[in-house]
Amino acid sequence: LLSRRQRQMCIRDRDILGDRQVYNSANVGKLVEVFFKIGTTDCLIQLDEFDKMPGIGTASLSKDGNPYNAFLQVFSEKEVTDTFLDVEIPCNNTMFICTCNSMDNIPAFINNRFDAIIRIPAYSDTLLVDIAMNHIIPKYMQKYNVPEGSIVFSERAVREVLKYIDDFGARRTEHHIESIFKYIVASWSDTEALAKTRVTVAMVKTILNLSLIHI
């Protein structure tokens, strides 16, 4: 329903439920836009990174509103009252799936409205090493057109990469491994590209510490 940029910009409940018509730029809310686009309210809507919306903790009484208030109405009353259209739209057959990295930032008054909460455990280091060695590294070997065997990661080097991740999945692991590939490929001369580069723990520390400095 909401793109990453829209989530960053979405600071008002009226972004979800529409503006009052007195505003020059008034329009329907995002939910009604989706229903109109697909032609029905009988649908499944995924709200990705639901915990990243503003309005953390409690219902906001500010003039900007709190987007969680809009979803409180939808989850509790099973309807959308679009402010622009001034009509109630039934959502009895609309299913919402909300994904998040943590539920700590989602207000309790919203958590209590979910029919089910499914917790997926974080990857273990052993599983992340396996994902990196068998999926992520081969992916970037192909992306950067690296000859087979030209860049070799030891398991110890991959485990060192894991010390730099700050999430529960493989996204940051992949980001850091790509940073290592970029650094190595950019530093190669024509002759070095034909040789074997072994990625060591020391190399990981050097490259990733540089990357963190430039962030």
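Can you tell me which of (1) part of a helix (DSSP H, G or I); (2) surrounded by fewer than 17 Cβ atoms within 10 Å (Cβ to Cβ) is the one Ile110 doesn't meet?
Looking at each condition in turn, Ile110 falls short on (2).
I'm checking my understanding of the structure. Among residues of segment 123-138 that are open to solvent by 60 Å² or more (accessible area, probe 1.4 Å) and in contact (Cβ under 8 Å) with a residue 24 or more places away in the chain, which one is farthest from the chain's Cα centre (by Cα)?
Met133
Would you tally the residues in segment 72-93 being in contact with a Lys or Arg (Cβ under 8 Å, 6 or more places away or on another chain) and farther than 15 Å from Val28 by Cα?
The qualifying residues number 6.
Which ones in segment 139-155 are part of a helix (DSSP H, G or I) and open to solvent by 40 Å² or more (accessible area, probe 1.4 Å)?
Hits for segment 139-155 are Lys139, Gln142, Lys143, Glu155.
Can you tell me which residues in segment 70-107 are closer than 21 Å to Phe36 by Cβ, part of a strand (DSSP E or B) and open to solvent by less than 100 Å² (accessible area, probe 1.4 Å)?
Within segment 70-107, Glu79, Val80, Thr81, Asp82, Val87, Ile89, Pro90, Phe96, Ile97 qualify.
Give the number of residues within segment 156-187 that are over 13 Å from Asp130 (Cα atoms), of a type in the set (Asp, Glu) and in a helix (DSSP H, G or I).
2
Quick one: what pairs do we get from segment 40-52, first residue touching a residue at least 24 places away in the same chain (Cβ under 8 Å) and within 8 Å of Cys98 (Cα to Cα), second open to solvent by 50 Å² or more (accessible area, probe 1.4 Å) and assigned to a helix (DSSP H, G or I), C-beta under 8 Å, 6+ apart or different chains?
Pairs found: Glu49/Arg4.
Can you pull out the residues in segment 20-41 that are farther than 17 Å from Glu88 by Cβ and open to solvent by less than 30 Å² (accessible area, probe 1.4 Å)?
Residue satisfying the conditions is Ala26 alone.
The values are calculated or read from the model by the stated rules, or taken from the named source; none is laboratory data. Keep in mind the model is a prediction, meaning the values are calculated, not measured. Every residue, glycine among them, receives a Cβ derived from its backbone with ideal geometry; neighbour counts consider all protein chains shown. The accessibility values were calculated without ligands, DNA or RNA, using every heavy atom of the protein model including side chains. Shrake-Rupley method; radii C 1.70, N 1.55, O 1.52, S 1.80 Å.
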